[in-house]
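What follows draws every value from the coordinates through simple rules; no lab data is involved. Just so it is clear, the structure is predicted and the values come from calculations on it, not from any experiment. We place every Cβ from the backbone using ideal geometry, glycine too, and count neighbours over all the protein chains shown.
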Amino acid sequence: MKNPLNNTVLRLLLLAAVGLIACLPLPDFWVTQLNYIGLYSLVVLGLVLLTGIGGLTSFGQAAFVGVGAYTSAYLCTQYGLSPWLTVFIGLAITGSSAMLLGVLTLRMSGHYLPLATIAWGLSLYYLMGNLDALGKYDGLLGVPGITLFGWDLGGGKPFFVLTWVLVLLGAFALINLLDSRTGRAIRSLRTGALMAEAMGINTLRFKIGIFTIAAMFASVSGWLFAHFQRTVNPSPFGLKMGIEYLFMAVLGGVGQVWGAITGALLTKLLEDQLQVLLPKLIGANGNFETIVFGIVLVLVLKYLPDGLWSLVARWLPNPPRAEDWTQAAALPERTKPEAGSMVLDVRAIRKQFGGLTAVNDISFSIRAGQISGLIGPNGAGKSTTFNLITGVLGLTSGEVRFRGQVVSGLPSRQIAQRGISRTFQHVKMIPEMTVLENVALGAHLRGGKGALSSMLRLDRHEEQRLLREAAHQLQRVGMGAQLHELAGNLAMGPQRLLEIARALCSDPALLLLDEPAAGLRHKEKLALGAVLRQLRAEGMAILLVEHDMDLVMDVCDHIVVMEFGTHLMEGTPAQVQASPAVRAAYLGTDEDTTSPATQPEEVSA
Ligand code: ADP
Ligand code: MG
């Protein structure tokens, strides 16, 4: 599916299939059903991006369908505008209101966002129902059909072709989007902001972006709906429908583009069958299908959380991505600090968590072409120090300078942009992306193409350069043979190497590694040591937090030792090894060995 040639052929075949179905002698009933399925699919495609990929649950998509429908219906009936114009006005209104709502609500996390979507879903519904200009709950009548050069597209098979071509184009655009720089950033949203921001991704911006795109998909569906029904009223745009769209997404497979169409199709067919069948079975009239939907939803969530499409996807061929980047030009690199010059200057940084001082006035500096170790027993404050340098945590006091400029106080993505890159003590990657895609995430800041160029495939040139860089960094850490594996299938050792390759992809001047050897086998550790030495030779400054003392003593030029948040000593590996204070800290002996007078090797920062 990822081979571009196959994709083009496949896409043309699918588009041709729409034309073919239109030529079949289908009864009107089925054409109408397929038209509704197409309208639903458009909305659910947006939900796949927003909820399945981006992890933002929305119950409010039906309201955006309503905005698209009402805008077009109102402008066509009141001002006689052409539907071909009002679709864009609808998109502009939906897009800008989604952006505004997004700015207001997408900072919320946990349950607050879904609650907020319910709130706006309800308020837009009552707004539509109470505005005199929109005909209150009776809505607007006499909406014209869509015509093209006198050809009536307003219903039946012509409408079927129009709708399904839009559905397919929407699906292709989403598939293109997900397979791009922007797509990787979107796919990183679900793992939490920490890693994404460390790669320079402005997570709020991308959340607002997918929220807006999803709303615009809904808006197009609303436009089609208004001109298909020839009338609009608030009822199809209420919260119940918002929930139903989410149901379709979950049923089909909320993480997959084709899951959207599967879900819309199955829901519509099931609904029709049940509406006829259930009252007969039960012997009374009522919306019994809703009860069945509830039960089906629970069963799907429990036994098939990836949705029904995943059953089909399992049987589809999935050849590895063609390595089309080998001829691409290398990315430009930043000018690096001169070997031996000071890269990082940490001055009396402090971090308090309530009453606990996790980092207590720590100072040290790091030079280009040096590997510095930061060691100390568990809980000494090493990871916290990392988080202070990289902007993940705010300082209680003190200052961090990078290449002569104060970086403390900047958000982590801006610190990343200046050339500090890191790995995490607890590996943070996207299991359902390939190794190559995960690593390319590190090169995010070295590209600039956005969602639209990705959807239209105008980003391929840049994309190949980014992938070339990712492949290169993977080869460098010895993972050249695993480019196309799913990251989730990697053992711990390769996972850590993946993080190093990802960090290197950002072309850093300072690399912070938090326990890179944890979980590595002996041979992998030796290879890691070789990579670190090579990076040092290239002039990289490295700060290494590590418990494996063989590795630390082997590769470090300089070591800082922390204990209970404080600076215990620093010096060369030999000095640190000879220090009774360090031995006491690690072994927990309580003899008094910390007097500076007995520590001639202690170097002040
Ligand atoms: P190390 O990486 O050296 O093992 P850490 O920096 O992870 O140590 O932790 C230092 C101390 O700060 C520990 O006592 C830890 O429990 C505490 N700590 C770390 N992060 C937080 C936090 N977010 N909130 C409260 N305490 C924390
Ligand atoms: Mg730690």
Efficiency by 1/(1 + (r/R0)^6): what FRET value for residue 10 and residue 190, r their Cβ-Cβ distance, R0 = 30 Å, to the nearest 0.05?
0.65
For the chain, one quarter of the surface area of the C-alpha convex hull, expressed in nm², comes to 32.7 nm²
I need the phi-derived Karplus couplings for the stretch 235-248: 6.51 cos²θ - 1.76 cosθ + 1.60, θ = phi - 60°, integer Hz, Gly and Pro marked x.
4, x, 10, x, 5, 4, 5, x, 5, 5, 4, 5, 4, 4
What nm distance separates the two modelled labels at residue 564 and residue 414, each placed 7 Å from Cα along Cα→Cβ?
3.7 nm
Output the peptides 261-273, 283-295 sorted from most to least packed, where packing is the average of other Cβ atoms within 10 Å over each peptide's residues.
261-273, 283-295
Mind giving me the nanometre distance, one decimal, between the label points for residue 348 and residue 84, set 7 Å out from Cα along Cα→Cβ?
7.1 nm
If you plug each phi of the stretch 23-32 into the Karplus form 6.51 cos²θ - 1.76 cosθ + 1.60 with θ = phi - 60°, what whole-Hz ³J(HN,Hα) values come out, in order, with x for Gly and Pro?
7, 6, x, 7, x, 3, 3, 6, 4, 4
Test of understanding: what is the full-extension gain from residue 406 to residue 127, defined as 0.36 nm times their sequence separation minus their Cα-Cα distance?
95.5 nm
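Given a Förster distance of 60 Å, report the FRET efficiency between residue 291 and residue 492 from their Cβ-Cβ distance, rounded to the nearest 0.05.
That pair, residue 291 with residue 492, gives E of 0.80.
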Starting from the amide H of residue 558, placed 1.01 Å from N in the peptide plane, find each other amide H under 5 Å away whose residue is 5 or more places distant or on another chain.
371, 373
For labels at residue 36 and residue 530 in the simple 7 Å Cα→Cβ model, what's the distance in nm?
6.5 nm
Before rounding to the nearest 500, sum -39500 (n - 2.57) across all DSSP H runs of length at least 4 in the chain and divide by the residue total; then give [θ] at 222 nm in deg cm²/dmol.
-17000 deg cm²/dmol
Ratio of alpha-carbon Rg to the 2.2 N^0.38 Å globular estimate for the stretch 64-161, to two decimals, please.
1.28
On full extension of the chain, what length is gained from residue 378 through residue 284, given 0.36 nm per residue of separation minus the C-alpha to C-alpha distance?
27.1 nm
Going highest first, how would you order 131-141, 568-578, 433-443 by mean Cβ packing within 10 Å?
433-443, 568-578, 131-141
Tell me, in nm to one decimal, what length is gained between residue 111 and residue 583 on full extension, where the rule is 0.36 nm per residue of separation less the Cα-Cα distance?
165.1 nm
HN-Hα J couplings of the stretch 324-329 from phi, Karplus 6.51/-1.76/1.60, θ = phi - 60°, integer Hz, Gly and Pro as x?
8, 9, 4, 8, 5, 6
Contact order normalised by residue count of the stretch 208-315, Cα under 8 Å, 6+ apart, percent
27 percent
Tilt relative to the chain, helix 61-79 - C-alpha long axis, 0 to 90 degrees, to 10
50 degrees
Listed peptides 64-74, 517-527 by packing density, highest first (mean Cβ within 10 Å)
64-74, 517-527
Taking each pair of different alpha-carbon atoms in the stretch 250-376 once, compute 1/r for the pair, average those values, and report the inverse of that mean as the Kirkwood hydrodynamic radius in Å to one decimal.
21.8 Å
Can you figure out the FRET efficiency of residue 149 with residue 312, using R₀ = 60 Å and their beta-carbon distance, to the nearest 0.05?
0.95
